[in-house]
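Trainee: Quick one: this structure, given as structure tokens, is what I'll be asking you about.
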Amino acid sequence: MRTFAAFILVLLTACESARLPVEAGMGTDPQLPPPRESLIPTVRIAPAKGWPAGTTPSAAAGYRVNAFASGLDHPRWLYVLPNGDVLVAETNSPPKPKAKGIRAFFMRYFFKKAGASVPSANRITLLRDADGDGVAETRHAFLQNLFSPFGMALVGDTLYVANADAVVRFPYRNGATSISDAPVKVGDLPAGINHHWTKSLVAKDGRLYIGVGSNSNVAEKGMDIEKDRAAILEMDPATGSTRVFGSGLRNPVGMAFEPSSGALWTVVNERDELGSDLVPDYLTSVKDGAFYGWPYSYYGQHVDDRVKPQRPDLVAAALTPDYALGPHTGSLGLAFHGDGAWVGQHGSWNRRPRSGYRVIFIPFAGGRPNGDAREILTGFVDEDGNARGRPVGVAVDAKGAVLVADDVGNVIWRVTQ
């Protein structure tokens with residue numbers, strides 16, 4: 001078995017490399033070369049090592065970065081309360097049946113190396129910077145015994161949390177450092193296999209919006225298990241009823257409302273195994289009732305021939321996203337701040353060379369992207385190819401600094417100008 005495993009590892013590390021720079025797959029008019037399928041998927045993992053003592057990410061000129069909080073347990077998502085307290089979801093995927101086969105074995109092996117296989121703490125922690133120096137002096141176990149929690153939203157005196165299987169609610173009192181009340185279920189969410197388990201959450205005008213990823217790469221397990229997935233759902237918190245707001249979005253994670261237009265925007269992780277140059281993740285506004293292609297097509301109406309049977313009617317209706325973020329960048333976090341969008345790029349697993357592993361800023365004007373993306377935080381991968389950290393969620397704190405959750409470094413970084 002060891003000899004066979006070594007042979008497979010050689011094959012995986014010999015897979016094709018990108019022919020274009022990441023930047024070619026970014027912007028409002030990305031290059032989309034022909035697909036390059038292969039029997040063995042490209043695998044390029046940055047082994048998780050963490051940050052050496054005293055080190056931080058590298059900040060762009062004019063910016064500073066410091067650790068707001070450290071020693072956390074796989075922090076993924078952030079929410080800033082009105083009083084300035086910061087909630088962080090310490091979380092990971094729920095337990096699920098172990099997939100069988102050689103490919104599944106090696107995928108587990110590589111994702112473990114990347115730090116993605118730690119058990120979920122199932123906790124939301126409250127961080128408080130009482131003296132305003134940019135470092136949280138205190139932390140409290142705010143909510144415990146959740147089920148792979150992710151998205152959070154406070155509406156009035158009710159805090160909504162999106163677990164992997166349902167939206168639940170809790171009463172919130174300003175300044176509270178913990179909640180002991182039992183969760184009350186608002187409405188169920190697609191669960192089960194949970195190929196993509198995160199459920200992001202935002203609220204507006206009495207409605208909740210939940211990002212739900214697909215149960216597969218490109219529907220290779222059939223469409224029956226994709227009901228209400230690869231979509232943003234709109235939920236009525238009074239009744240728990242849901243409807244599909246936008247669909248064909250393979251894995252919509254970060255969501256935010258653009259300040260000038262009020263439109264809902266999301267960042268989407270696109271499909272894999274079409275080569276290192278395809279398909280770019282993207283940032284897009286989401287129109288009510290619109291379809292964005294998955295699984296039948298990508299980046300608008302580019303047909304994915306792997307999907308059988310095809311749906312020409314849906315391909316013809318697929319909207320082109322607003323802004324490409326580069327192939328396989330693992331774009332997850334999204335926050336609007338300072339006339340633009342901040343995006344946390346968790347990093348690739350199947351691109352040579354690697355992409356992502358950074359925080360970028362996309363300038364906006366008139367409610368639309370306007371210019372090239374700029375790197376704000378880099379240095380998450382060291383010179384030996386090891387991951388010191390991986391950025392995930394981003395949020396804006398009460399003083400206008402940008403917070404970044406780093407689930408490999410177990411740190412919340414704080415970026416200021």
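Trainee: Can you list the aspartates and glutamates whose alpha carbon is less than 20 Å from that of Lys204, not counting same-chain residues fewer than 8 positions off?
Mentor: Asp157, Asp188, Glu234, Asp236, Glu258, Asp288, Asp397
Trainee: Continuing with the same structure: Based on the Cβ-Cβ distance of Thr416 and Ser38, what FRET efficiency does E = 1/(1 + (r/R0)^6) give at R0 = 35 Å, to the nearest 0.05?
Mentor: 0.20
Trainee: Still on this model: What figure in square angstrom, to the nearest 10, would you give for the accessible area of Val184 with a 1.4 Å probe?
Mentor: Accessible area of Val184: about 60 Å².
Trainee: Still on this structure, please answer the following. Under a GNM of the chain (C-alpha, springs under 10 Å), which listed residue has the highest mean-square fluctuation: Val118, Val168, Val268?
Mentor: With Cα springs under 10 Å in the chain, the top fluctuation among Val118, Val168, Val268 is at Val118.
Trainee: Plugging the Kirkwood radius over Cα pairs into Stokes-Einstein for the chain, at a temperature of 20 °C and a viscosity of 1.002 mPa s, what D comes out in µm²/s?
Mentor: So the translational diffusion coefficient is about 100 µm²/s.
Trainee: For the chain, calculate the relative contact order in percent as a whole number, restricting contacts to Cα pairs under 8 Å that are 6 or more residues apart.
Mentor: 19 percent
Trainee: Roughly what percent of Cα-Cα pairs across the range 364-411 reach past 14 Å?
Mentor: In whole percent, the share of Cα-Cα pairs in the range 364-411 beyond 14 Å is 66.
Trainee: Separate question: Expressed as a fraction of 2.2 N^0.38 Å, the rule-of-thumb size for a compact globular protein of N residues, what is the C-alpha radius of gyration of the range 157-261?
Mentor: Dividing the Cα radius of gyration by 2.2 N^0.38 Å gives 1.14.
Trainee: Most fluctuating residue of Leu159, Leu126, Leu334 in a GNM of the chain with Cα springs under 10 Å: which is it?
Mentor: Leu159
Trainee: Then there's this: What ³J(HN,Hα) values, in whole Hz, does the Karplus curve 6.51 cos²θ - 1.76 cosθ + 1.60 give for the range 299-316 when θ = phi - 60°, with x put for Gly and Pro?
Mentor: Result, ordered by residue: 6, x, 10, 7, 5, 9, 5, 6, 8, 10, x, 7, 10, x, 5, 6, 4, 5 Hz.
Trainee: While we're looking at this one, here's another question. Taking 10 °C and 1.306 mPa s as the conditions, I'd like the Stokes-Einstein D for the range 302-349 in µm²/s, using the Kirkwood hydrodynamic radius from alpha carbon pairs.
Mentor: Translational diffusion coefficient: 117 µm²/s.
Trainee: How big is the equivalent ellipsoid of the range 181-243 along its three axes, where each semi-axis is √(5λ) from the Cα gyration tensor, reported in whole Å from largest to smallest?
Mentor: Here the semi-axes work out to 23, 12, 10 Å.
Trainee: Could you tell me the extents of the range 43-96's C-alpha atoms along the three principal axes, largest first, rounded to whole Å?
Mentor: 43, 34, 21
Trainee: Report the equivalent ellipsoid semi-axes for the range 225-358 in whole Å, largest first, defined as the square roots of five times the eigenvalues of the gyration tensor built from alpha carbon atoms.
Mentor: 23, 21, 13
Trainee: Mind computing the radius of gyration and Dmax over the alpha-carbon atoms of the range 262-315? Å is fine for both.
Mentor: 12.0, 37
Trainee: Moving on to the next point. Please tell me the relative contact order of the range 252-350 in percent, rounded to the nearest whole number, where contacts are Cα pairs under 8 Å and at least six residues apart.
Mentor: Relative CO of the range 252-350 lands at 29 percent.
Trainee: Averaged per residue, what accessible surface does the range 328-371 expose to a 1.4 Å probe, in Å²?
Mentor: That works out to 26 Å² for each residue.
Trainee: Measure off, as a whole percent, the carbon and sulfur share of the 1.4 Å-probe accessible area of the chain, all protein chains present.
Mentor: 51 percent
Trainee: If you don't mind, there's one more thing I want to ask. Just flag the trypsin sites (Lys or Arg not before Pro) in the range 136-218 sitting in loop per DSSP whose Cβ has no more than 10 other Cβ atoms within 10 Å.
Mentor: Sparse-neighbourhood loop trypsin sites (Lys or Arg not before Pro): Arg173.
Trainee: Note the per residue figure in Å³ for the convex hull of the C-alpha positions in the range 288-370.
Mentor: 121 Å³
Trainee: Extent of the range 218-297 along each principal axis, from alpha carbon coordinates, in Å, largest to smallest?
Mentor: 42, 33, 17
Trainee: How many times 2.2 N^0.38 Å is the alpha carbon radius of gyration of the range 213-259?
Mentor: The reported ratio for this selection is 1.29.
Trainee: Same structure again: Expressed as a fraction of 2.2 N^0.38 Å, the rule-of-thumb size for a compact globular protein of N residues, what is the C-alpha radius of gyration of the range 132-186?
Mentor: 1.22
Trainee: I would also like to ask the following. Taking just the alpha carbons, could you work out the radius of gyration and Dmax for the range 328-417, both in angstroms?
Mentor: Answer for the range 328-417, Rg first and Dmax second: 13.1, 42 Å.
The values are calculated or read from the model by the stated rules, or taken from the named source; none is laboratory data. Keep in mind that this is a model prediction, so the values were computed, not measured. Virtual Cβ from ideal backbone geometry, glycine too; neighbours counted across all protein chains shown. Just so you know, the surface numbers come from the protein's heavy atoms only, side chains and all, with ligands and any DNA or RNA stripped out. Shrake-Rupley method; radii C 1.70, N 1.55, O 1.52, S 1.80 Å.
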